[in-house]
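Here the structure is laid out as structure tokens; the discussion comes afterwards.
The values are calculated or read from the model by the stated rules, or taken from the named source; none is laboratory data. None of the values given here were measured: they were computed from a predicted structure. Cβ atoms come from the backbone with ideal geometry, glycine included; neighbour counts cover every protein chain shown.
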Amino acid sequence: MKSQFLIYITILLLTVNVSFSQNDNYRIIFPQTEAERNKACTNCFNTFRQKPKEVRFSIVNENDNLYFQTNDKKWFNKLFKNASDGLALDVVAKDLYNCDVAQIEEKQISGVLLKPVYAQRLKSGLKPNGDDLFRVLLGKVPTELKGKELEYNILFLGHKTLCRYQIIYNLKAYNWDLLDMGMYLDSISFRKQKVIGQGEENVRLRYKTLKFKIPFEKNKSVYSPEDIKPMYDSLNLTDFNIKTINIKAYASVEGSLSRNIELQEARANSIAKAIQTYQKPDIKTTVSSSENWVEFLNDIEGTTYEDLKKLSKSQVKQKLVGAFSEEMEPILQNHRKALVTLELEKKDVYKTMPTEQLISQFNASVKDEDIDKATAIQNTLFEKLKNSEVSPDILKQLEVPKQVNFINLLNKNSAIKYQLDERQIIIVRNELEALQELDPKNPKIKYNLTAIKFKIWRYKFEEVNPSTFKNEIYNLEKYNIDTSLIDRMMVNYHIIQSENFYRKRDYSKKDKSVNFIKAKYEKMPLTDFDYFSLAQFLSYYANVDAAAELLTNKARQIDVDENLLFYYLNLTLINQELTQTDEYRTIMLNAVNLNKERFCQLFNSPEKDGVTFQLLKDDYLRANYCENCVD
């Protein structure tokens, strides 16, 4: 997993016309008219208007000392042109939003206001704090708030007048990374999945992933092998074994939650046992169960039952009894089901053979020029290497002459060496270049050399000319490399370029690279892992709306990847227009089903790995939080 860090992004700008006692608020002026605010805040407004979106700031609590932190010293100094320009903090405690509080009071200052700090102290006190970060002390946590869960809202002051009041939320983001390009073995081998390269057949793959939907009959909890046989027959497992089973079981929403979960788990486990009867190797099985609120709320849309969407979950359950439950059975029956994902592994006749014997037979097959047998044994050895069953040193014992007729075996030896240990990147690159001299038009070698060059460029092992490299990527078309793989490489090309432009603070060119990526991924086949990676990249460069839009359709699916769904929520919870919709409630309930603890954590402070607990000011979000997170 990529290393994680936190970005703090402004989500709220408020200037409310409310009367305050200046004595109570350190003589900060809270403007009563637009004209009054504009006159005092011209410099503040202009500085924010000109702020590149890459400029970030946050509040850091270190041993109850509160610091304003930013990544741009030049922008910071522009904010405080006049002696009476400054900053103040509103320190807010989470207990203001407890679910037993009848009504949240609307106030400009939500918590305890700290004494403002003005321009001279701010500029002189700003000190470096690590790579590309600067910070200045604004004050200490008030004694009465110590030990509580806190957040810190920033007041930006111009001529002692409140110009901006900003809540800050925690967006989890990740260092930019490249989409996995894989390496050409027999086909393209990715870290996360296997896909078929152009001209390859299914039988060449070692893995498959298949998905099925199995409906549950009402009041039935046991499945026999005969029930599962039609699904199993459709797998045509002549060449494959089932390696893992993942079953997500869904109950219709009427009735007791505990009883529904118990029933669904029994159904799911009976399915797993029935599948297991068809093969001897043990199958690793994962089962999860939840109520199907997602499809329930979707399916009553536009029907005579639509008003149920306005009710809480407990109120819906109270309605769904007796005759009314029977009336809704045509809808409810579609919600009882299992989504079954099977990971298949190609059967391997050499799997149990001792390693020494495999090496001996491989070398003998090469001498006999039996390429098919040598390839099969080589694949078995590679699987043992990937599973850490044998040492990478066995690669040195594989005797393959440097001849064109063995080029695929040689290419695969180099490629697997790189996949096992990317630190060997230069050694592998040199090996592949030597193979390219043997077979100058071999597409697999061309592809692998290009894929490796991305990492050489990214980590600056050697200088790479971006213009020349772009031509090399597009030149792969001449060797019948699939267009989708070239598109993937071009996305990675612009990911690296965007970082290079960002470091040079050439934001215009950086934006062009980001826009290329946004335009390209709309036309690319993407896995869930790809969607997640691209969303992280976009949010890293402050394209939060684009990242959310990328994930929207995925987030609405009942079988959405958990990490992807929660990243979407993290990006969108602060969008009040979106969170008020029925569709968004459906997404939130799906998140509760997938991981209730993780959903509730979103409403913690950033210091406790949440987005912001001040989301609970919103009555709609607060109702959903209190319904699902408070026993």
Subject >> helices (runs of 4 or more DSSP H) completely within segment 314-432 that count 2 or more residues being basic (Lys, Arg) and closer than 26 Å to residue 184 by Cα >> reply: 371-386, 407-420
Subject >> Looking only at segment 472-504, and only at residues there that are farther than 15 Å from residue 453 by Cβ and over 26 Å from the mean Cα position of the chain (by Cα), the one that is surrounded by the most Cβ atoms within 10 Å (Cβ to Cβ) >> reply: 482
Subject >> Complete set of residues in segment 458-478 that are closer than 24 Å to residue 413 by Cβ and either in contact with a strand residue (DSSP E or B) (Cβ under 9 Å, 6 or more places away or on another chain) or at pLDDT below 95 (or both) >> reply: 459, 461, 462
**OP:** Just name the residue that is nearest to the chain's Cα centre (by Cα) out of those in segment 107-133 that are surrounded by 20 or more Cβ atoms within 10 Å (Cβ to Cβ) and assigned to a strand (DSSP E or B).
**Re:** 113
Subject >> Tabulated pairs, segment 211-233, first hydroxyl-bearing (Ser, Thr, Tyr), second not in a helix (DSSP H, G or I), C-beta under 6 angstrom, 6+ apart or interchain >> reply: 232/278
Original post:
Do we have residue 568 as more than 27 Å from residue 341 (Cβ to Cβ) and either free of Cβ contacts under 8 Å to residues at least 24 places away in the same chain or crowded, with 18+ Cβ neighbours inside 10 Å (or both) here?
Top reply: no
Original post:
When residue 342 is evaluated against the numbered criteria (1) over 21 Å from residue 596 (Cα atoms); (2) modelled with pLDDT of 90 or more; (3) buried (at least 17 other Cβ atoms within 10 Å of the Cβ), which criterion, by number, is the only one it fails?
Top reply: (2)
Original post:
Given the residues 273, 280, 310, 319, which is the only one that is basic (Lys, Arg), at pLDDT 90 or above, surrounded by fewer than 18 Cβ atoms within 10 Å (Cβ to Cβ) and more than 20 Å from residue 594 (Cβ to Cβ)?
Top reply: 319
Subject >> Filter pass, residue 595 being over 18 Å from residue 548 (Cβ atoms) and either crowded, with 21+ Cβ neighbours inside 10 Å or not assigned by TED's automatic domain parsing to the domain that holds residue 91 (or both) >> reply: yes
**OP:** Provide a single number: the residues in segment 430-461 that are among the hydroxyl-bearing types (Ser, Thr, Tyr) and surrounded by 18 or more Cβ atoms within 10 Å (Cβ to Cβ).
**Re:** 2
Subject >> Residues within segment 535-553 that are under 12 Å from the mean Cα position of the chain (by Cα) and more than 17 Å from residue 56 (Cβ to Cβ), tallied >> reply: 4
Original post:
Before we move on, is residue 560 farther than 17 Å from residue 623 by Cβ and touching a strand residue (DSSP E or B) at 6+ places or on another chain (Cβ under 8 Å)?
Top reply: no
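Residues are listed down the side, and each one gets a yes or a no for (1) closer than 30 Å to residue 109 by Cβ; (2) in a helix (DSSP H, G or I); (3) of a type outside the set (A, V, I, L, M, F, W, C):
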{"position": "589", "(1), (2), (3)": "no, yes, no"}
{"position": "603", "(1), (2), (3)": "yes, no, no"}
{"position": "610", "(1), (2), (3)": "yes, no, yes"}
{"position": "616", "(1), (2), (3)": "yes, yes, no"}
{"position": "622", "(1), (2), (3)": "yes, yes, yes"}
{"position": "625", "(1), (2), (3)": "yes, yes, yes"}
